[in-house]
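A short worksheet on the structure shown next.
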Amino acid sequence: MPQKTLADTLAARESVHVNCSHPMCCMTKLDIKALIDRLGPGHGSMHQDLVGLFGCSNCKAAGRDRRPVFFTFIPDYEGQQRERNRDWKPTFNT
């Protein structure tokens, strides 16, 4: 059983980006909802669960060897900040 699933990633509102290890390639944001539609909500969302599913189309088009891809998970910092400050009220005691 995966430690973290695609459904968990979507519920946490995390952004997932994939990038190729070649210096000429760039990072691409993944559509988690589309991945869930394709792989199912119970599919793992950790590196080892996703790495075999992705290859760099830029490297393929340029005729380069297949290079490893890496994933970056970015938490929903805005949502966390909003939740943290939900009950905060300023105090004007002097």
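The values are calculated or read from the model by the stated rules, or taken from the named source; none is laboratory data. All of these numbers come straight from a predicted model, not from anything done at the bench. Here Cβ is always computed from backbone atoms with ideal geometry, including for glycine, and neighbour counts include all displayed protein chains. Accessible surface is based on the protein model in full, side chains and every heavy atom, while ligands, DNA and RNA are left aside. Shrake-Rupley method; radii C 1.70, N 1.55, O 1.52, S 1.80 Å.
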In whole Hz, with x marking every Gly and Pro, tabulate ³J(HN,Hα) for the stretch 3-13 from phi via Karplus 6.51 cos²θ - 1.76 cosθ + 1.60, θ = phi - 60°.
5, 9, 9, 4, 5, 5, 5, 5, 5, 7, 6
Counting only trypsin sites (Lys or Arg not before Pro) that sit in a DSSP loop (anything but H, G, I, E, B) with at most 14 other Cβ atoms within 10 Å, what is the longest stretch of the chain containing none of them?
14-63
Just tell me which lysines come within less than 24 Å, Cα to Cα, of Lys60; anything on the same chain fewer than 8 places away is out.
Lys29
Percent accessible area from carbon and sulfur atoms, the chain, protein chains only, probe 1.4 Å:
52
Read-out Kirkwood radius over Cα pairs in Å, candidates [x] 19.8; [y] 14.1; [z] 15.5; calculated match is [z]
Residue-by-residue Karplus 3J(HN,Hα) for the stretch 68-79, coefficients 6.51, -1.76, 1.60, Hz, glycine and proline x
x, 10, 10, 10, 10, 9, 10, x, 7, 4, 4, x
Partners for Lys4 among lysines (Cα-Cα distance below 17 Å; same-chain residues under 8 apart left out)
Lys33
In debye, nearest 20, what is the charge dipole magnitude of the stretch 15-76 about its Cα centre with +1 on Lys and Arg Cβ and -1 on Asp and Glu Cβ, if you could check?
260
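Please give the contour-minus-distance gain from Arg38 to Arg84: 0.36 nm per residue of separation, less the Cα-Cα distance, rounded to one decimal in nm.
13.2 nm
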Within the chain, which is the longest segment containing none of the chymotrypsin sites (Phe, Trp or Tyr not before Pro) that sit in a DSSP loop and have at most 16 other Cβ atoms within 10 Å?
1-53
Can you tell me the FRET efficiency between His17 and Leu53 if r is taken as the Cβ-Cβ distance and R0 is 22 Å, rounded to the nearest 0.05?
0.90
